[in-house]
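First the structure, in the form of C-alpha cells, and then the observations on it.
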Amino acid sequence: MEQEITRKDILNILRDIEHPEISVSLVDLGMILDVAVDDHTVKVAVALPMLNIPQAVANAILNSLYEPIRELGLQMEPVFFEMTPEIREKFFITARANWKGSI
C-alpha cells in the first residue's frame, strides 16, 4: 500500500530549495505561503516580491519547485501572489545579506 504524501511532507521538501540568486530557502524567504495536496496534485502558493519579476528568475524558481514534486509522482499547480509590504521588506533585507548573483 502506498503511503499518502501530506502537506507537511511537501513543506519539508520545499524547505531545502534555495532561491536561484539568494542563498536562502524559498520557505525562509517567505515565498512559499502554503501548499495543499489533493490526490496527485500539489497546489503551491508562491509569493513574489512583485508579479513582474524577470522571466528567467520566475522560471528558475518554478523549475526548482517542480522537480522534487515530480520525483514524488505528483503534479504541481503554482498559484502566484504578490508579497505584502511587510514580507517584501523582510525578503529584500534577507536577499541583500545573502545575495549570490544572477542566474
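No other residue among 71, 86 is charged (D, E, K, R) and under 25 Å from residue 3 (Cα atoms) apart from 71. Condition (residue is at pLDDT 95 or above and under 11 Å from the mean Cα position of the chain (by Cα)) applied to the stretch 35-42: is it met by at least one residue? There is at least one residue in the stretch 35-42 that is at pLDDT 95 or above and under 11 Å from the mean Cα position of the chain (by Cα).
Of the residues in the stretch 56-79, how many are touching a strand residue (DSSP E or B) at 6+ places or on another chain (Cβ under 9 Å) and among the small types (Gly, Ala, Ser)? Qualifying residue count, the stretch 56-79: 2. Among residues of the stretch 1-15 being surrounded by fewer than 18 Cβ atoms within 10 Å (Cβ to Cβ) and within 10 Å of the chain's Cα centre (by Cα), the one that is farthest from residue 92 (Cα to Cα) is 11.
When residue 70 is tested against (1) exposed (fewer than 12 other Cβ atoms within 10 Å of the Cβ); (2) of a type in the set (D, E, K, R); (3) more than 16 Å from residue 28 (Cα to Cα), just one condition goes unmet, and that condition is (1).
Residues in the stretch 73-92 that are surrounded by 15 or more Cβ atoms within 10 Å (Cβ to Cβ), closer than 21 Å to residue 23 by Cα and either free of Cβ contacts under 8 Å to residues at least 40 places away in the same chain or among the β-branched types (Val, Ile, Thr) (or both): 87, 88.
Restricting the first member to the stretch 40-67 and to residues that are within 19 Å of residue 94 (Cα to Cα), and the second to residues that are of a type outside the set (Asp, Glu) and assigned to a helix (DSSP H, G or I), the beta-carbon pairs closer than 6 Å and six or more apart or on different chains are 49/88; 49/91. Residue 36 - would you say it is loosely packed, with under 15 Cβ neighbours inside 10 Å and assigned to a helix (DSSP H, G or I)? The answer is no for residue 36.
Applying the set (1) assigned to a loop (DSSP other than H, G, I, E, B); (2) surrounded by fewer than 17 Cβ atoms within 10 Å (Cβ to Cβ); (3) not small (Gly, Ala, Ser) to residue 20 leaves exactly one unmet item: (2).
Determine whether residue 44 is in a strand (DSSP E or B) and buried (at least 17 other Cβ atoms within 10 Å of the Cβ). Judged against the criteria, residue 44 is a match.
The values are calculated or read from the model by the stated rules, or taken from the named source; none is laboratory data. Predicted, not measured: the structure shown is a model, and the values here were computed from it. No Cβ is skipped: glycine too gets one built from the backbone with ideal geometry, and neighbour counts run over all protein chains shown.
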